[in-house]
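Below: one structure, written as structure tokens.
Values in this text are rule-based calculations from the coordinates and carry no lab data. Since the structure is predicted, the reported quantities are computational estimates derived from the model, not experimental observations. Note that we place each Cβ from the backbone using ideal geometry, even for glycine, and neighbour counts take in every protein chain shown.
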Amino acid sequence: MPYEAQALQFAYRQEAQLHHITRQLHRSLDESTILTRMLESIAEAVPVAYCNTASYRADLMRGSVIHHIARSPAANTASWLIPGHEFNAIYQQLQAYGTLRLCAPWLQEQEPWGSFCISLIADHITNQEPLGDILLVRPKGDVFAPEEVAFVEAVAQEAAIAITNARRLAQTEAEAQELRHLLSVRDACMNALSDQMRSPLTTMRMAVQMAQQSADPERRRHYLHLLEDECKRGIELLNHLLQWQTSEESTTAGIQMQTWLPAIIDRHQEQAAARGLTLSVNFGYRPLPPIYSDRFSLALIIQDLLEGALAYAQTPGEVTVHVQEEVIEGQVGICIAISNPSTIPAAEIPHLFDAFYRVPGSERGERLGLHFIRRIIGQLSGDVRASSSEGRTCFYVWVPQYLTLQSLSRLTGVDSAANARPSFPGLLP
């Protein structure tokens with residue numbers, strides 16, 4: 001049969017094979033499976049004594065061999081690991097040509113083999129970084145035909161596209177799952193806020209009933225005063241909800257503390273001045289990493305702690321907010337320390353975050369409550385703690401840089417982060 005007819009027949013056969021191979025490659029989302037199927041398909045279509053496929057490391061060096069096929073026992077015993085110094089020169093040529101038919105010094109030592117083909121696994125359409133390569137080996141004198149090389153390149157490109165699509169799909173699924181977790185955090189925050197609303201409503205209902213039943217004018221005034229206080233508390237809780245729901249989106253977009261936090265601080269400057277206090281924020285000297293967390297929840301926490309610091313501070317005095325990067329158990333995060341001039345007895349510190357607990361002698365406030373704050377920060381995989389010494393009380397809030405699936409999976413309940421709290425370095429200015 002003439003050479004042209006053989007080439008045409010080979011081309012038709014390979015086109016059908018390539019169509020079948022493409023469907024097989026795109027059915028899998030596992031990179032190792034894609035590379036294995038790619039190599040097996042090439043070995044079935046192109047006669048070789050030995051072939052393997054290897055993935056590239058982040059530094060674009062040839063990593064471990066994912067899969068290999070040996071058609072000859074002699075080829076199976078040979079060493080086909082490309083030396084690092086040899087690979088640098090080979091890779092430069094691969095970048096330029098995509099496929100090489102070569103005989104390098106290290107290959108010449110692998111007698112009786114002398115015909116070699118190396119092809120990049122890369123998507124040449126999008127010009128992305130190569131993912132790996134394919135090494136094909138034949139005996140000396142049995143060179144690879146141009147149509148065989150073209151077939152290997154086509155299969156390699158389809159494998160690269162399949163791997164790229166698999167990575168993108170995996171990333172999309174991870175982002176979707178993270179968004180679902182984020183929405184569950186938001187829902188938990190809203191549910192906790194709804195629970196907080198029940199308390200003033202229940203007290204208001206009781207006060208109305210008692211005022212209606214009491215004939216004593218003094219008792220009626222007492223219940224009316226209680227009703228007024230609980231109305232204010234309920235309105236304040238609603239303001240928390242409405243203000244942050246309209247001004248802060250629940251998103252994992254990076255929060256730049258240096259620009260985001262001062263806006264929250266400025267909203268409380270008037271309240272501080274009215275009480276004869278100064279309110280300042282300090283970010284230290286080191287740049288802070290962006291925080292990928294729920295803006296709604298984090299803003300709610302900071303506002304509530306700020307309002308508490310201003311409400312219970314001894315006047316005149318200074319309320320400070322100190323922000324710095326902190327690494328806890330190998331995890332990068334941000335620690336926000338809110339300090340005011342006040343004293344909490346040491347015996348009361350361990351109970352501050354207990355449900356329904358108030359420091360003896362303190363008035364009932366209109367804020368969310370420290371127990372609620374701990375529930376929210378637990379949903380963010382962070383922590384909050386308090387200390388009081390030398391006339392100053394400080395609340396520390398630590399949140400991880402990333403609200404990752406791994407950190408969220410550790411949460412078995414809204415208070416789970418409180419069971420094993422990390423210890424923070426002292427941040428009192």
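Data for the structure
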| item | result |
| --- | --- |
| Long-range HN-HN contacts of residue 132 with modeled amide H, under 5 Å | 56, 121 |
| HN-Hα J in Hz across segment 18-24 - Karplus 6.51, -1.76, 1.60, θ = phi - 60°, x for Gly and Pro | 5, 4, 5, 4, 4, 5, 5 |
| Modelled FRET efficiency - R0 30 Å, residue 389 with residue 280, Cβ distances, 0.05 increments | 0.90 |
| Förster-model FRET efficiency, 60 Å R0, residue 44 and residue 180, C-beta, rounded to 0.05 | 0.90 |
| Under 5 Å, built H, 5+ apart or other chain: amide partners of residue 294 | none |
| Using a Förster distance of 35 Å, the FRET efficiency for residue 209-residue 343 (Cβ separation, nearest 0.05) | 0.35 |
| Per-residue Cβ neighbour rank within 10 angstrom, fewest leading, 152, 332 | 332, 152 |
| For 295, 205, order by how many other beta-carbon atoms lie within 10 Å, fewest first | 205, 295 |
| Under the Karplus curve 6.51 cos²θ - 1.76 cosθ + 1.60, θ = phi - 60°, whole-Hz ³J(HN,Hα) for segment 208-222, x wherever Gly or Pro sits | 5, 5, 5, 5, 5, 8, 7, 9, 7, x, 5, 5, 5, 5, 4 |
| Stretch gain in nm, segment residue 24-residue 224, where the contour uses 0.36 nm per residue and the Cα spacing is subtracted | 64.4 nm |
| Amide H contacts of residue 328 (H built 1.01 Å from N, under 5 Å, at least 5 apart or other chain) | 333 |
| Fewest-first ranking of 227, 39, using other Cβ atoms within 10 Å as the exposure measure | 227, 39 |
